[in-house]
Amino acid sequence: MSRQGGKLRASRRGFLATSARVAAAGASFGAVATANAAAQSAGSTAPGTQGVAQSEPFWGLHQGGILTPAQTQTYFAAFDLVTTKREDVARLLQAWTAAAARMTEGQTAQPLGDGFKPVAADAGGQATTKDGDAYEKPDWRTQAADSGEVLGVAPARLTLTFGFGAGMFTKDGKDRYGLAPRRPQAFVDLPRFVGDQLVEAHTGGDLSVQACADDPQVAFHAIRQLARIAQDVAQVRWTQTGFIPSSKGTPRNLMGFRDGTNNPAITDPRLMERFVWVGAEGPNWMRGGSYVVARRIRIALEHWDRMQVAFQEQTVGRQKITGAPLGGKREFEPLDLDATDKDGNPVIAENAHVRLAAGATNNGAQILRRPYSYNDGVNFTAERWPPWRQGMEYDAGLFFVAYQRDPRTGFILIYDKMAKLDMMNQFVTHVGGGLFACPRGPAKGEFIGEQLFEAA
């Protein structure tokens, strides 16, 4: 630590030393299941599933938080790298991996040490816990091992999913870390879609971390600790919280419709290999990984709430109560895109949301949706469509998260058509997000993305 302007400032040397200690601790960290793919695929996508363990596996071929049964809370953070040294990035990922492995088991982000040390209960003037134990005040030269707000709290099925943005490979035309030749061909820049109103401060990033848990404080705590560990190597660019109801079945979004009905089944390994996991076409560090598209989609809820339910159902292409496709009776029955009414009109409109998103209209393409609703209060808004009201409206909507094997044949293919034709566009606006390459999961003793740095 050093002093600057009368304030304490963490030095890079201090970060590297801390990272090395944390990584060493993580390498000898207690036993955790090493094959999370089987454990994940055995679950359902319904949040709040009964019987699911409080602790989710961290180590394994695939990262957690992709096939994991959806937790009720998320905290997503994108970071900008501010270091010029590749070794700093590698050490940060090493430290993050060790901390993530600990936190998913309900432990502190770093091993408790001099910065958070129990002392005798009769120490005068010291704060005590509810059990009567006292704690020393941390020496200002020693960073605390953890902020402590979830001590004694269950891990709540916490998962941490890491991704690399385009800036890991090139930024402003420069290969900052010698990694540009290792950028996968599938990792293209997202095009600008029709209707996009992306806010720069809420878009992009060099690194991403998505924390998911059944407790919002556990999710936030995890991101908070990773940001603290990053110090002056990476800085938070933007964040987004999200939630889904804990009811059984496919979760409903803020429009009141079930969201994710047409997902490929996570219990089918063949579908996951086909649509989610990167295969032999990708570099070694991405095989078993996936690409995630995150989009912050604001919904004009006031406008939507003024629509009749019949119009809402025509817009979506499904019944609001049952989730069944129009013309059907059950939520999961196949879409009948050829069905017509007595006048010869399609039962599911040509510009209905589900028709345009269906694999049948996109050369069989599918993506694994893992969306969350968000509510960030209210702000002044001018509506995009008649009656073009202006005023204070909800800043709320959908935090769309989708995993896929190849974004070119996944999200980009599907959404390009939807951006132009979807009837739902009169209610939704994409205002932020990004595309990130999520490496394969780490084996014990490895760190996230280690193979990328070995190959460079």
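For A396, the residues 5 or more places off, or on other chains, whose built amide H falls under 5 Å of its own are I299, D376. Extending 7 Å from Cα along the Cβ direction at E149 and again at W388 yields two label points whose distance is 4.3 nm.
Take the Cα radius of gyration of region 239-350 and divide it by 2.2 N^0.38 Å, N being the number of residues; the result is 1.35. Note that region 66-81 has calculated 3J(HN,Hα) couplings of 9, 9, 4, x, 4, 7, 7, 10, 9, 9, 9, 9, 10, 10, 9, 7 Hz, one per residue in order, obtained from phi through the Karplus relation 6.51 cos²θ - 1.76 cosθ + 1.60 (θ = phi - 60°); glycine and proline are x. Residue-wise HN-Hα couplings along region 427-443, as the Karplus relation 6.51 cos²θ - 1.76 cosθ + 1.60 with θ = phi - 60° gives them from phi, are 10, 10, 9, 7, 10, x, x, x, 10, 9, 8, 9, x, 4, x, x, 7 Hz; Gly and Pro carry x.
Under the convention that each Lys and Arg Cβ holds +1 and each Asp and Glu Cβ holds -1, the size of the dipole of region 191-325 around its Cα centre is about 220 debye. Here each label is just a point 7 Å from Cα along the line to Cβ, and for Q235 and R86 those points are 2.5 nm apart.
Checking every one of the trypsin sites (Lys or Arg not before Pro) in region 157-199 against DSSP loop status and a limit of 15 other Cβ atoms within 10 Å picks out R192. Amide H to amide H, with H built 1.01 Å from N, I448 comes under 5 Å of T97, counting only residues 5 or more places away or on other chains.
Just so you know, all these numbers are worked out from the coordinates, no wet-lab data involved. Bear in mind the structure is a predicted one, so any value in this text is a computation, not a measurement. Positions of Cβ are generated from backbone atoms using ideal geometry, with glycine treated the same way; all protein chains shown enter the neighbour counts.
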